[in-house]
Amino acid sequence: MGKLHKWKNRFINMTNTKRIKYKLLIGIPLLLLAFLAASLFKMVTTAQQTVTVTTYMSIAWPYVLPYSFNYWATNFLSVGVWQDLVTPPLAQYIWYNSTWIPILASNWTLQYFPNGTGLFIIHLIKNNGWSDGTPFTAQDVKCTFLIDYAFSYPAFLYISPQIDTPDNYTVVLHIVHPASPIVLEWDILYLMPPQPYKVYGNWCMAIQNLINQGYSNTSPQMTNLTQALVKWNPPVYLADGPYYVDTATITTDTYWLVKNPYSAWANQVKFDALKNHNGETPVITPLVLAKEIDYATHGFPPASAAQFQSIGYSIASPPTLFGPALFFNYNDSTYGPLFRNVIFRQAIAYAINMTQAAQVSLGPYAKVEVPWQFTGVPKSTAESWIESWAVGQISSYVYNPSKAAQLLESIGLKKVGNQWYWNGKPVELTLIYPAEFADWGATAQNIAAQLTAFGIKIDLKAVTYSEVPTLVEEGQFQLAIQGWGAGAPTPFFSYYDLFATYNAREYLGTGTPGMALPMIWNTTNGLINVSKLIYEIGYSTNVTEEREAFSKLAIAFSQYLPVIPIWERYGDNAVLEGVRVCGWLPFSNPLWENPVYQNNPVVLQVLFGIVYPCSSYHWSSITLPVSMSMVSPTTTTTSPTTTTPTTTTVPPTTTTTVTSKMLSTTLIITVVVVVIIIAVIAVVFLMRRR
């Protein structure tokens with residue numbers, strides 16, 4: 001310290017001129033050091049906000065603009081089938097052998113008590129994290145289920161909103177009404193993927209408070225809350241799957257899904273990122289032709305599929321378990337009484353050449369599955385559930401315009417020239433259909449041409465695909481093309497989805513008017529209470545009773561034709577091998593029996609690390625800006641707990657350990673050292689006697 005004081009005194013005794021020169025001599029290097037420190041700090045900040053991608057898979061799924069990060073909003077930025085890689089379900093279903101594979105759940109147990117109640121106990125994996133570093137826990141699952149309860153998800157027809165979390169990785173659901181085990185598992189393990197408590201926690205607590213006060217999900221208080229929730233847009237979009245949506249990359253055309261380093265599956269997937277292209281069939285087709293897409297699930301016309309094959313694509317054809325159907329508005333101010341006459345609907349079914357409509361729409365990928373489609377349930381599901389005594393009673397509708405004419409005449413319609421008249425006026429109907437769906441659009445145009453030629457004039461109206469369901473749900477249509485069937489391993493969901501979505505007021509006793517279809521049908525087997533039969537299919541724990549109920553409803557559906565299924569769709573999915581993506585399973589592999597839009601076989605191939613980057617492809621690094629979802633890793637402190645034992649034999653999922661690579665440790669140390677040096681020098685030079 002003596003030398004320091006001596007040096008300081010020398011500086012104080014300098015002349016002003018020398019002192020200024022000395023300050024400049026020392027100050028300039030200090031400014032340079034400060035500039036260097038600022039530059040290094042900026043480099044660290046940049047390192048936090050960018051990520052380097054080398055290998056990626058190019059996919060396609062449409063999204064709406066403007067979008068929301070709110071999972072329950074109608075304009076949620078969903079990645080469709082790829083959502084299972086962003087916010088995965090608790091388990092995935094493998095269709096060919098009817099088994100479950102754990103994803104976010106490690107195992108589960110279903111226990112029934114003699115009085116029909118029971119417990120569904122779920123144990124979660126313990127090594128998974130959200131894309132901001134927050135651990136995935138039972139709190140996330142409980143929060144999600146509470147919001148699902150507020151929105152009246154069908155699972156809560158048989159489970160209670162009382163959800164227990166005895167520890168951070170156990171969720172206990174209380175079964176308050178008997179339900180089919182497969183319905184329970186499908187609803188809970190697959191249809192309610194967990195969302196982050198960190199984002200939705202305040203909403204969950206508000207819902208829990210209402211439940212504690214005795215309010216149900218049908219109360220005005222709960223309805224007001226859910227209406228507010230759907231209008232809310234969270235500031236971040238967190239993921240607990242192997243990829244997160246990098247919201248900083250979103251444009252009108254594309255966005256990126258980047259690997260989530262905190263995911264338990266991060267080391268399993270082989271690609272750094274997935275690049276998603278926005279658009280329906282007309283937009284995606286040229287991208288496929290340019291080989292910019294590795295896999296697309298769009299409904300491509302047969303000519304396009306043939307073009308794809310000619311340039312090196314393969315066409316995968318897994319089932320979709322649904323197709324287009326002709327819907328009627330039974331409460332239409334003009335034609336409602338006519339639509340409500342079952343003979344009129346049967347006549348329309350005979351007047352349409354469904355094979356022709358299928359051929360012009362998707363060629364070999366659209367199949368008229370007679371008689372199964374007229375049960376309202378996809379062929380493979382219907383065949384596995386129907387009783388043998390019922391098969392011969394299913395009504396079929398093979399193209400027969402003469403029979404169609406006879407049926408119309410039997411209910412008082414008359415044909416004048418080439419036009420059918422009802423109550424003295426020509427029958428002229430308007431058919432709406434989704435403009436962007438090339439396959440359904442072709443079906444609508446073909447049906448309109450056929451019925452017009454038959455003598456029932458059809459005016460076509462193309463509507464944006466996202467608006468058609470709303471118009472049908474609100475009863476603002478005469479005829480519409482919408483979907484029939486559901487990709488679920490039980491017929492319950494084909495019926496529930498149809499009536500709860502498009503006939504809610506008649507089926508649920510609340511909601512939008514939809515088709516305004518009465519749920520008591522007069523068939524050759526007498527009056528059928530449709531709601532009761534659907535109830536028996538979904539809520540019985542006795543498989544024999546479920547099959548009986550389905551068989552009765554399948555016959556009734558085929559006779560009553562609440563909607564007319566036109567054809568069942570099979571995938572014409574474009575698959576590009578050997579450019580960016582290698583290792584595809586051969587189409588003979590039973591995993592391809594999984595439906596396109598549920599438990600997608602390609603999504604599972606990515607998740608399990610089956611497909612991988614082609615070594616022959618010339619990869620070049622891409623630097624992407626990183627969304628706020630990855631900037632500030634956080635942790636959650638939880639209390640030690642005891643895990644509830646389980647008797648299930650479901651195998652555990654793969655475990656991995658992941659560390660974040662978003663920050664440069666070397667840069668941080670360098671900045672700290674430089675700042676310390678600058679601080680020491682500054683202190684020395686500021687020490688002077690007043």
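The values are calculated or read from the model by the stated rules, or taken from the named source; none is laboratory data. None of the values given here were measured: they were computed from a predicted structure. Methodologically, a virtual Cβ is constructed for each residue, glycine included, from the backbone with ideal geometry; neighbour enumeration extends over all protein chains shown. We work out accessible area using only protein heavy atoms, side chains counted, and drop any ligands, DNA or RNA first. Shrake-Rupley method; radii C 1.70, N 1.55, O 1.52, S 1.80 Å.
Of the residues VAL427, VAL398, which is farther than 10 Å from TYR350 by Cβ and among the aliphatic types (A, V, I, L, M)? It would help to see each step written out before you state the result.
Details: VAL398 fails: farther than 10 Å from TYR350 by Cβ.
It is VAL427.
What number of residues within the stretch 565-613 satisfy the criterion of being over 27 Å from ASP187 (Cα atoms), among the hydrophobic types (A, V, I, L, M, F, W, C) and touching a Leu at 6+ places or on another chain (Cβ under 7 Å)?
3
Look through SER380, SER333 and report the one residue that is surrounded by fewer than 20 Cβ atoms within 10 Å (Cβ to Cβ) and without any contact (Cβ under 8 Å) to a residue 60 or more places away in the chain.
Just one listed residue meets the conditions, SER333.
Step by step: first the residues of the stretch 101-113, then only those that are surrounded by fewer than 21 Cβ atoms within 10 Å (Cβ to Cβ) and within 25 Å of the chain's Cα centre (by Cα), then the one that is nearest to TRP385 (Cα to Cα). Which residue is that?
Residues of the stretch 101-113 that are surrounded by fewer than 21 Cβ atoms within 10 Å (Cβ to Cβ), as a first pass: 101, 107, 109-113.
With within 25 Å of the chain's Cα centre (by Cα) added as a condition, the list becomes 101, 107.
Working: ILE101: 23, ASN107: 27 Å.
Checking each candidate, the answer is ILE101.
Report yes if LEU407 is over 22 Å from ILE555 (Cα atoms) and out of contact with any Cys (no Cβ under 8 Å at 6 or more places or on another chain), otherwise no. Lay out the reasoning, then the answer.
Working: over 22 Å from ILE555 (Cα atoms): no; out of contact with any Cys (no Cβ under 8 Å at 6 or more places or on another chain): yes.
When the stated conditions are applied, LEU407 does not pass them.
Filter the stretch 237-277 down to the residues that are open to solvent by 30 Å² or more (accessible area, probe 1.4 Å) and either among the aromatic types (Phe, Trp, Tyr) or touching an Asp or Glu at 6+ places or on another chain (Cβ under 7 Å) (or both) and list them by number.
LYS259, TYR262
Would it be correct to say that PRO324 is open to solvent by less than 50 Å² (accessible area, probe 1.4 Å) and either over 30 Å from TRP521 (Cβ atoms) or in contact with a Cys (Cβ under 7 Å, 6 or more places away or on another chain) (or both)? Lay out the reasoning, then the answer.
Working: open to solvent by less than 50 Å² (accessible area, probe 1.4 Å): yes; either over 30 Å from TRP521 (Cβ atoms) or in contact with a Cys (Cβ under 7 Å, 6 or more places away or on another chain) (or both): no.
Judged against the criteria, PRO324 is not a match.
Picking from ILE394, ILE432, which residue would you name as being in contact with a Leu (Cβ under 9 Å, 6 or more places away or on another chain) and closer than 19 Å to ILE564 by Cβ?
Details: ILE394 fails: in contact with a Leu (Cβ under 9 Å, 6 or more places away or on another chain).
Just one listed residue meets the conditions, ILE432.
Does SER310 satisfy the condition of being without any contact (Cβ under 8 Å) to a residue 12 or more places away in the chain and farther than 30 Å from VAL51 by Cβ? Even if it seems obvious, please write down each step before you answer.
On the way: without any contact (Cβ under 8 Å) to a residue 12 or more places away in the chain: yes; farther than 30 Å from VAL51 by Cβ: yes.
Answer is yes for this residue.
Restricting the first residue to the stretch 448-477 and requiring it to be surrounded by 15 or more Cβ atoms within 10 Å (Cβ to Cβ), which pairs with a second residue that is aromatic (Phe, Trp, Tyr) and in a helix (DSSP H, G or I) meet a Cβ separation below 9 Å and a spacing of at least six or different chains?
TYR465/TRP440; PRO469/TYR502; VAL472/TYR502; GLU473/TYR502
Considering (1) under 22 Å from ARG505 (Cα atoms); (2) open to solvent by 40 Å² or more (accessible area, probe 1.4 Å); (3) free of Cβ contacts under 8 Å to residues at least 60 places away in the same chain; (4) not small (Gly, Ala, Ser), say which one PHE339 fails and leave the rest.
PHE339 satisfies all of (1) under 22 Å from ARG505 (Cα atoms); (2) open to solvent by 40 Å² or more (accessible area, probe 1.4 Å); (3) free of Cβ contacts under 8 Å to residues at least 60 places away in the same chain; (4) not small (Gly, Ala, Ser) except (2).
Considering only residues that are of a type in the set (S, T, N, Q) and open to solvent by 60 Å² or more (accessible area, probe 1.4 Å), which ones fall in the stretch 418-439? Write out each step before concluding.
Here is the first cut: in the stretch 418-439, the residues of a type in the set (S, T, N, Q) are 418-419, 423, 430.
ASN418, ASN423, listed by residue number.
Can you find, within the stretch 348-384, the residue that is nearest to ASN97 (Cα to Cα) among those that are at pLDDT 95 or above and in contact with a Pro (Cβ under 6 Å, 6 or more places away or on another chain)?
Residue satisfying both the conditions and the ranking: VAL377.
Can you report the number of residues in the stretch 493-506 which are assigned to a helix (DSSP H, G or I) and either modelled with pLDDT under 95 or over 21 Å from GLU548 (Cα atoms) (or both)?
Here is the first cut: in the stretch 493-506, the residues assigned to a helix (DSSP H, G or I) are 493-502, 504-506.
Right, trim to either modelled with pLDDT under 95 or over 21 Å from GLU548 (Cα atoms) (or both) and you get 493, 496-497, 500-502, 504-506.
Total meeting the criteria: 9.
Can you pull out every residue in the stretch 96-113 that is more than 24 Å from ASN267 (Cα to Cα) and not in a strand (DSSP E or B)?
Answer for the stretch 96-113, where residues must be more than 24 Å from ASN267 (Cα to Cα) and not in a strand (DSSP E or B): TYR96, ASN97, SER98, PHE113.
Condition first: hydrophobic (A, V, I, L, M, F, W, C) and either part of a strand (DSSP E or B) or open to solvent by less than 20 Å² (accessible area, probe 1.4 Å) (or both). Now tell me which residues in the stretch 47-80 satisfy that.
The initial filter retains those residues of the stretch 47-80 that are hydrophobic (A, V, I, L, M, F, W, C), namely 47, 51, 53, 57, 59-61, 64-65, 69, 72-73, 76-77, 79.
Scanning the stretch 47-80 gives VAL51, VAL53, MET57, ILE59, ALA60, ALA73, PHE76, LEU77, VAL79.
Step by step: first the residues of the stretch 508-534, then only those that are over 16 Å from GLY376 (Cα atoms) and in a helix (DSSP H, G or I), then the one that is least open to solvent (accessible area, probe 1.4 Å). Which residue is that?
Within the stretch 508-534, the match that is least open to solvent (accessible area, probe 1.4 Å) is LEU508.
Could you tell me whether any residue of the stretch 546-559 is open to solvent by 40 Å² or more (accessible area, probe 1.4 Å) and more than 29 Å from PHE344 (Cβ to Cβ)?
Just the residues of the stretch 546-559 that are open to solvent by 40 Å² or more (accessible area, probe 1.4 Å), to begin with: 547-548, 552.
Retained after the next criterion (residues that are more than 29 Å from PHE344 (Cβ to Cβ)): 547-548.
Yes: the stretch 546-559 contains one or more residues that are open to solvent by 40 Å² or more (accessible area, probe 1.4 Å) and more than 29 Å from PHE344 (Cβ to Cβ).
Only one of (1) open to solvent by 40 Å² or more (accessible area, probe 1.4 Å); (2) touching a residue at least 60 places away in the same chain (Cβ under 8 Å); (3) of a type in the set (Gly, Ala, Ser) fails for ALA442. Which number is that?
Status for ALA442: all satisfied but (1).
Among the residues of the stretch 321-335, write down those that are part of a strand (DSSP E or B) and more than 20 Å from ALA435 (Cβ to Cβ).
From the stretch 321-335, those part of a strand (DSSP E or B) are 323-328; that's our starting set.
Once the filter is applied, which keeps residues that are part of a strand (DSSP E or B) and more than 20 Å from ALA435 (Cβ to Cβ), the stretch 321-335 yields only PHE328.
Specify the residue that is farthest from GLN356 (Cα to Cα); the eligible residues are those in the stretch 303-321 that are open to solvent by 40 Å² or more (accessible area, probe 1.4 Å) and in contact with a helix residue (DSSP H, G or I) (Cβ under 8 Å, 6 or more places away or on another chain). Explain how you work it out, then say what you get.
Applying the first criterion (open to solvent by 40 Å² or more (accessible area, probe 1.4 Å)) to the stretch 303-321 yields 303, 306-307, 309-312, 314, 317.
The next check asks that each one be in contact with a helix residue (DSSP H, G or I) (Cβ under 8 Å, 6 or more places away or on another chain); those that pass are 307, 311, 317.
Details: GLN307: 22, ILE311: 28, SER317: 20 Å.
Per the criteria, the residue is ILE311.
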